[in-house]
Amino acid sequence: MTDSGSGILSLAQIQHLMRVEFSRAQRYGYPIVCLVAAVDGLGLLRDEFGYEAKETVLDELVGLLQDGTRGSDFIGRLPDDRFLIVVPHSRPEEVETLAHRLVEGVRQLELSELGGRQITLSIGGSGMSEGEILFFDDLLRTAQECQTTASVDGGDRYLYRTPQGAL
């Protein structure tokens, strides 16, 4: 059930599970948050240090994601070397702690393949409160937009908003 032995879900699997979990959250009225995470400037790191260094960075990120999330959370791979983390039964303020821990964890990585260069992470988040009626696609799109904005605004940060909210 995982993407090429990495221990995370493939694109099709994470999208399916998010739709299922989103439907449950709406039906039973519990909160859900989705996060989209990406290493800042990963393409530049690949160009400077090579493909193997890029893969090492992604492997380290997967390890941090797996160690930093609960067994009931879902982690999957999105296109463009991004990751989707689905965090059911959690309010945005609870997930904010997780997101900041992940941003800090990536900042602390020391990889010899990068010659001491620090790497950073940008995370975008969006959520649905108890009993709120939204569409799955709006939630995912908003999290992706927040991740892109966080990265463009300098990276190394977490940005959250609801699909109806302003940045």
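The values are calculated or read from the model by the stated rules, or taken from the named source; none is laboratory data. Values in this document were obtained by computation on a predicted structure and should not be read as measured data. Here Cβ is always computed from backbone atoms with ideal geometry, including for glycine, and neighbour counts include all displayed protein chains. SASA here: full protein model, heavy atoms, side chains in, ligands and nucleic acids out. Shrake-Rupley method; radii C 1.70, N 1.55, O 1.52, S 1.80 Å.
Miscellaneous remarks
- What you get for the stretch 40-129, charging only the Cβ of Lys and Arg (+1) and of Asp and Glu (-1), is a dipole of about 260 debye around the Cα centre.
- Between helix 11-28 and the chain: long-axis angle, C-alpha atoms, 0 to 90°, nearest 10: 30 degrees
- Counting only alpha carbon atoms, the long axis of helix 136-152 and the longest principal axis of the chain meet at about 30°.
- The chain - percent of accessible surface contributed by carbon and sulfur, probe 1.4 Å: 48 percent
- With Cα atoms, 0 to 90° folded angle of helix 92-107 axis to the chain main axis: 10 degrees
- Comparing mean-square fluctuations of ASP40, ASP156, ASP138 from a GNM of the chain with C-alpha springs under 10 Å, the top value falls on ASP138.
- Whole-number D in µm²/s for the stretch 18-167 (Stokes-Einstein; Kirkwood sum over Cα pairs; 20 °C, 1.002 mPa s): 138 µm²/s
- Area of HIS100 that stays accessible when all protein chains are in place (1.4 Å probe, Å², to 10): 90 Å²
- Kirkwood Rh and Cα Rg combined as Rg/Rh, the stretch 20-106: 1.04
- Applying a DSSP loop filter and a limit of 14 other Cβ atoms within 10 Å to the trypsin sites (Lys or Arg not before Pro) in the stretch 1-76 leaves ARG70.
- For the stretch 93-167, the relative contact order works out to 32 percent when only alpha carbon pairs closer than 8 Å and six or more residues apart are counted.
- Each Cα pair under 8 Å and six or more residues apart adds its separation to the average, and for the chain the resulting relative contact order is 28 percent.
- Enclosing the Cα atoms of the stretch 90-167 in their convex hull gives a volume equal to 91 cubic angstrom per residue.
- Residue-wise HN-Hα couplings along the stretch 58-66, as the Karplus relation 6.51 cos²θ - 1.76 cosθ + 1.60 with θ = phi - 60° gives them from phi, are 5, 4, 5, 5, 4, x, 5, 4, 5 Hz; Gly and Pro carry x.
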